[in-house]
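Structure first, then comments.
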Amino acid sequence: MNDIVVVKNLGFTYRSWDGKLNKPVLENLDCTFQAKSKTLLLAPFDGGKSTFARILGGLCPKYIQGTLSGKLLVNGKDLSVTDPWDLLLDCGYVSQDPQEQFIATTVEDEIAFPLESLGLSRESISKRVDQVLDTWDLIPMRGASEQELSGGERKRVLLAVLEAVNPTFWILDESFDDLDIQWRSLLAEKIKEDSHTVLVLASRYLAQFEGLFDHYALLEQGKLRFGEKQEILQAFSFLCGDDLPNPLDTQIVRISHSQTLACSNLKTIRTRVSSIDVVPFTLFVPSFSLVSGDLATLVGPNGSGKSTFSRLLCGLDIPVEGTFTLDGILQTAKGLNRTVGYLFQNPDLQIFLPTVREELAWSLKRIKNLSALEIEQKVSDCAVLFELELDDTPSTMSYPLRKALQAAVYYLLDRPFYILDELDNALTYATALKIIARLRRNGAGLLLITHDQKFASLLSHTTFAIKDGRLERQ
């Protein structure tokens, strides 16, 4: 059987924002991926799997500064002398963070762009675009911009791009996350097809993985090892510490007084500006309430309105109808914004400074009566609590670490309520549970949005669901 990918003595170290080298992420890594093989690569929190994926896709260190050593061949091409655009038919990469890959202004153009780069005829491009738009149920969104899509819709666009180009080697980094069960099942079917060599990188073991893979690997301390399925899963579980207690058992350190955030008869209408021919989406919420210390979950299919509701609840958007109250007192959008912290699906939309220290200190510097010494102490304590290094550069930190930083920033804001929009994506259960427990320790009420029914069942007895444009308690 032919080797599609050959990696020998691979090493990689990121450069920080000031040009200094950090500690190595990968060291002396060796592996091969044979033609048509299906490999599941598991890695714990901040284990280097996304770095490995970007290197295989030719993106790192070309677009992300760092020092790369070793030999890498994809379909016989030496990546050290091959540009990423020359790998289109050899290697396709779907990032765990969909927004970092979008380059076009519409869904249709996003799919067509790489096909145009391959020099295909107009007729062939049109046929392929229409086919994958239909497969991934994106026809109503073909004219929409990336900014108007939900997280799951963005992921489906990238998977549609991958299928349209149809490269030999598929690299799927946490690609099951963001998707609801329907699209996870479809992706599983695509992986089973014999025509591709597939590498799935994941930080948690999903039920959909069963029966998909013939090879199992674990990335640990910068090195890759293969083994039997059960051996790898057990080693992964041990590394992740998945026996952590439930956040519902977390001891609440303080809670000044119990508060209730509620809304009633809420109605909003959302129109995709770039797709005016699509029927506007309407969300109706008869009633909703969240009490201090509560941990509730919100579930629903991709594009059902979960993030839309979140933006209303934290005051970023204004509803057409309905009222919000805090302890029975009517709230304006400004009041909600000061009460509810909203952690976006994409942490990069809320992180913008060159170091962790500066990011954590930013909001504290705007609080009156806090001395520089008090700010530094709070920042240091928070970094320890969320396992962050103060001098690290956020842009070169792993996606899970950036999520931890995003949560730490909001922890310091000390809001009485938090919305965690798909916090668990790309995180192990243990890591997500840690972050939830930390945010809950001061008595905040949490609303967790997730597509993972198993994860939701671990956390809460109170579940809200959106179906057919209506949010109700289950």
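Right, LEU72: at pLDDT 90 or above, crowded, with 16+ Cβ neighbours inside 10 Å and either over 20 Å from ALA35 (Cβ atoms) or more than 26 Å from the chain's Cα centre (by Cα) (or both) or not? Criteria met by LEU72. Of all the numbered requirements in (1) under 30 Å from LEU149 (Cβ atoms); (2) over 23 Å from the mean Cα position of the chain (by Cα); (3) among the hydroxyl-bearing types (Ser, Thr, Tyr), THR106 misses one, and that requirement is (2).
Inclusion of LYS77 among residues that are within 30 Å of PRO400 (Cα to Cα) and surrounded by fewer than 20 Cβ atoms within 10 Å (Cβ to Cβ) is not warranted.
The residue that is modelled with the highest pLDDT, among those in region 196-233 that are under 21 Å from the mean Cα position of the chain (by Cα) and assigned to a loop (DSSP other than H, G, I, E, B), is SER203. One residue stands out in region 94-139 among those that are farther than 12 Å from ALA160 by Cα and among the hydroxyl-bearing types (Ser, Thr, Tyr): the one that is surrounded by the fewest Cβ atoms within 10 Å (Cβ to Cβ), namely SER121.
Residues considered: ASP46, ASP83. Of these, the only one that is touching a residue at least 40 places away in the same chain (Cβ under 8 Å) and not assigned by TED's automatic domain parsing to the domain that holds VAL356 is ASP46.
Just give me the residues in region 408-464 being among the charged types (D, E, K, R) and out of contact with any Phe, Trp or Tyr (no Cβ under 8 Å at 6 or more places or on another chain), in sequence order. Passing the criteria: ASP414, ARG415, GLU422, LYS434, ARG440, ARG441, ASP452, LYS454.
Would you confirm, using the coordinates I've provided, whether ILE351 is of a type in the set (Val, Ile, Thr), more than 21 Å from LEU471 (Cβ to Cβ), outside the structural domain of TRP183 (by TED's automatic domain parsing) and not in a helix (DSSP H, G or I)? Spell out how you get there, then give the answer.
Values: of a type in the set (Val, Ile, Thr): yes; more than 21 Å from LEU471 (Cβ to Cβ): yes; outside the structural domain of TRP183 (by TED's automatic domain parsing): yes; not in a helix (DSSP H, G or I): yes.
When the stated conditions are applied, ILE351 passes them.
Residues considered: LEU433, LEU412, LEU401. Of these, the only one that is assigned to a helix (DSSP H, G or I), on the phi < 0 side of the Ramachandran plot, more than 21 Å from the chain's Cα centre (by Cα) and outside the structural domain of LEU219 (by TED's automatic domain parsing) is LEU412. Screening ASP194 with (1) surrounded by fewer than 17 Cβ atoms within 10 Å (Cβ to Cβ); (2) of a type outside the set (A, V, I, L, M); (3) more than 28 Å from ARG128 (Cβ to Cβ) gives one miss only, at (3). If you go through region 293-317 and keep only what is farther than 20 Å from SER150 by Cβ and surrounded by fewer than 19 Cβ atoms within 10 Å (Cβ to Cβ), you end up with just GLY293.
The values are calculated or read from the model by the stated rules, or taken from the named source; none is laboratory data. No experiment lies behind these values; they were computed from the predicted model shown. Cβ coordinates were reconstructed from backbone atoms using ideal geometry, including for glycine residues, and neighbour counts include every protein chain displayed.
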